[in-house]
Ligand SMILES: [Zn+2]
Ligand SMILES: [Zn+2]
């Protein structure tokens, strides 16, 4: 087990059993101690009325300054629609080789695309995106190996095509990062 730690903070209506499943998925793939808790943010300050979405850049900066610490990788979990200036929406983002990131389940459910509700699938997608953002916080960039969790995803179909797992290259890189990371 790596000596570093991961902290997941839920700021949305994510049920506890689901948080537990996410934490388990993250722990399985990264072999790192995972802690999860609930947080509260007044989301109205991040709402952009002209887009009817929430400002992901402002949110990630808040997570980084108010919730993150140097001894853990912190991911803020949300259930609202996130945007950054140059994109229609994002599933999440993270500071590369930084200490924090964010992810949202808002666009991950089938109903949004006119398909049958499938809560298990939504959760699976959410776990993958959270593991992906954590990969970035550990210094991994996007990967083109089919199935690797570090592949970038534009549509939910892209998320479904990849697994929860890091490919062998990304895994090796992670190992090196864990070995060399003096911070932990
Ligand atoms: Zn990414
Ligand atoms: Zn990879």
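Could you give the radius of gyration (one decimal) and Dmax (whole number) of the Cα atoms in the chain, in Å?
That works out to 15.5, 48 Å for Rg and Dmax.
Evaluate E = 1/(1 + (r/R0)^6) for residue 164 and residue 96, where r is the Cβ-Cβ distance and R0 equals 22 Å; express this FRET efficiency to the nearest 0.05.
Values: r = 21 Å, r/R0 = 0.94.
My answer for the efficiency is 0.60.
FRET efficiency for residue 171 and residue 20, Cβ-Cβ distance as r, R0 = 25 Å, nearest 0.05?
Efficiency, rounded to the nearest 0.05: 0.50.
Per DSSP H run of at least 4 residues, take -39500 (n - 2.57); add these up for the chain, divide by its residues and hand me the 222 nm value, nearest 500 deg cm²/dmol.
Helix contribution divided over all residues of the chain: -10000 deg cm²/dmol.
By counting other Cβ atoms within 10 Å of each Cβ, how are 5, 73, 124 ranked from fewest to most?
Exposure proxy ranking, most exposed first: 5, 124, 73.
Any idea what the relative contact order of the chain is, in percent, if you count C-alpha pairs under 8 Å spaced at least 6 apart?
19
Quick note: the coordinates plus some simple rules give every number you see, no bench work behind them. For clarity, every value in this text was computed on a predicted model and none was experimentally measured. Here the Cβ is made from the backbone with ideal geometry for all residues, glycine too, and neighbour counts use every protein chain on show.
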